[in-house]
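Colleague: I have a structure I would like to understand better, so I am pasting it below and will then ask my questions one at a time.
Just so it is clear, none of the values below were taken in a lab; they were calculated from the coordinates. Everything quoted here is computed from the prediction, not taken from an experiment. Cβ: placed from backbone, ideal geometry, glycine included. Neighbour counts: every protein chain shown.
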Amino acid sequence: MPYKTIAVKPISGALGAEIEGVDLSKDLSNETFDAIHQAFLDHVVIFFRDQHITHDQHKAFGRRFGTLNIHPYVKGMDGHPEIMRIVKEPEDRVNFGGGWHSDMSFLEEPALGSILYAREVPPYGGDTLWANQYLAYDALSDGMKKMLDGLKAVHTAKGEYSERGHSAQKRKGMEVEVAGDDTPSYEHPVVRTHPETGRKALYVNPAFTEKFVGMTRRESRPLLNFLFEHCTQEPFTCRFRWTKNAIAFWDNRAAQHFALNDYHGHRRHMERVTVNGERPF
């Protein structure tokens with residue numbers, strides 16, 4: 001579709017588009033904001049390069065879309081608790097976000113979207129992949145769709161943020177709290193309806209989805225494993241090569257993502273603002 005005040009250039013056939021003609025350090029007119037919002041809905045993840053924004057401007061852009069989340073396990077920046085520093089130092093072995101997931105699906109009201117700003121990038125590697133969950137749902141057979149519609153799954157942080165979990169591993173530049181035994185679990189539909197587009201999307205991910213409601217973990221595992229593999233197939237994905245001062249803004253209601261860990265010995269410093277969402281239906 002045409003966009004009046006911005007240029008939108010898709011980066012793959014599945015999802016993702018670079019936005020040009022926008023300076024996010026400036027106040028956005030309602031017309032420009034509406035165009036960005038529409039591009040976000042149309043392309044699921046959008047990218048802005050060469051943006052020079054302050055912490056307050058980062059938060060202000062996020063607040064145009066909703067209230068901001070303060071992460072329950074990762075300590076935010078001093079003075080800016082809504083901003084999560086995602087840092088991998090040269091000596092760190094494990095990165096943050098290095099597995100397919102949808103941000104904050106372990107909450108009762110998971111994230112609407114995440115806005116990630118690249119402060120420092122390695123000379124190579126460190127790309128991020130996204131997978132379109134609309135396409136993942138659309139590609140299922142009618143029989144599988146019928147079986148999944150109405151099914152719910154349990155999401156929790158107690159595995160991913162446990163002492164052995166990927167996200168809670170010690171990193172020099174991040175302070176992460178380990179999830180305890182009393183960590184809550186929430187039930188979300190396996191197929192959710194996007195509240196703005198009305199489209200159906202798969203909503204399970206290997207980081208936070210534990211089992212189906214009414215089933216044991218063992219009973220759930222074969223079908224969950226199929227869905228985990230299915231929903232991240234190459235035809236549903238895009239890949240973004242980061243540059244310093246680039247921004248990615250993705251829709252957690254319709255996408256999963258994966259941060260690659262292929263730049264050992266180099267530093268990567270990102271900052272994320274997360275926009276609160278609503279309970280999936």
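Colleague: Is the stretch 1-143 rounded, prolate or oblate when judged by the Cα gyration tensor, a ≥ b ≥ c being the square roots of its eigenvalues, rounded requiring a/c under 1.5 and prolate requiring a/b larger than b/c?
Modeller: The shape class here is rounded.
Colleague: Then there is this: Residues of the stretch 117-146 with amide nitrogen under 20 Å from the 7 Å Cα-to-Cβ point of THR193?
Modeller: Counting only backbone N, you get 133-140, 142-146.
Colleague: Between VAL213 and GLU89, what is the label-point separation in nm under the 7 Å Cα-to-beta-carbon projection?
Modeller: Simple spin-label model gives 4.4 nm for this pair.
Colleague: Take every Cα pair under 8 Å in the chain that's 6+ residues apart, average their separations, divide by the length, and report that relative contact order as a whole percent.
Modeller: 35
Colleague: Helix-only mean residue ellipticity at 222 nm, the chain, DSSP H runs n ≥ 4 weighted -39,500 (n - 2.57), per residue, nearest 500. What is it?
Modeller: -5000 deg cm²/dmol
Colleague: In the set (1) 46, 23, 15; (2) 24, 21, 21; (3) 28, 24, 17, which value of semi-axes √(5λ) of the Cα gyration tensor in Å was calculated from the structure you see?
Modeller: Calculated semi-axes √(5λ) of the Cα gyration tensor in Å: the matching label is (3).
Colleague: Okay, moving on. Along the stretch 223-238, what does the Karplus equation 6.51 cos²θ - 1.76 cosθ + 1.60 (θ = phi - 60°) give for ³J(HN,Hα), rounded to whole Hz, x for Gly and Pro?
Modeller: Along the stretch 223-238, the couplings run 6, 4, 4, 4, 5, 4, 5, 4, 6, 10, 4, 3, x, 9, 10, 9 Hz.
Colleague: Then there's this: Of all trypsin sites (Lys or Arg not before Pro) in the stretch 180-227, which ones are in loop regions per DSSP and have a Cβ with at most 16 other Cβ atoms within 10 Å?
Modeller: ARG199
Colleague: Once you charge only the Cβ atoms, +1 for Lys and Arg and -1 for Asp and Glu, what is the size of the charge dipole of the chain about its Cα centre, to the nearest 20 debye?
Modeller: Roughly 400 debye for the chain.
Colleague: Considering only DSSP states other than H, G, I, E and B, which chymotrypsin sites (Phe, Trp or Tyr not before Pro) in the stretch 70-126 qualify as loop sites with at most 12 other Cβ atoms within 10 Å?
Modeller: Of the chymotrypsin sites (Phe, Trp or Tyr not before Pro), the ones in loops of the stretch 70-126 whose Cβ has at most 12 other Cβ atoms within 10 Å are TYR124.
Colleague: Please list, or write none, the aspartates and glutamates whose alpha carbon is within less than 13 Å of the alpha carbon of LYS158, excluding same-chain residues fewer than 8 places away.
Modeller: GLU177, ASP181, ASP182, GLU210
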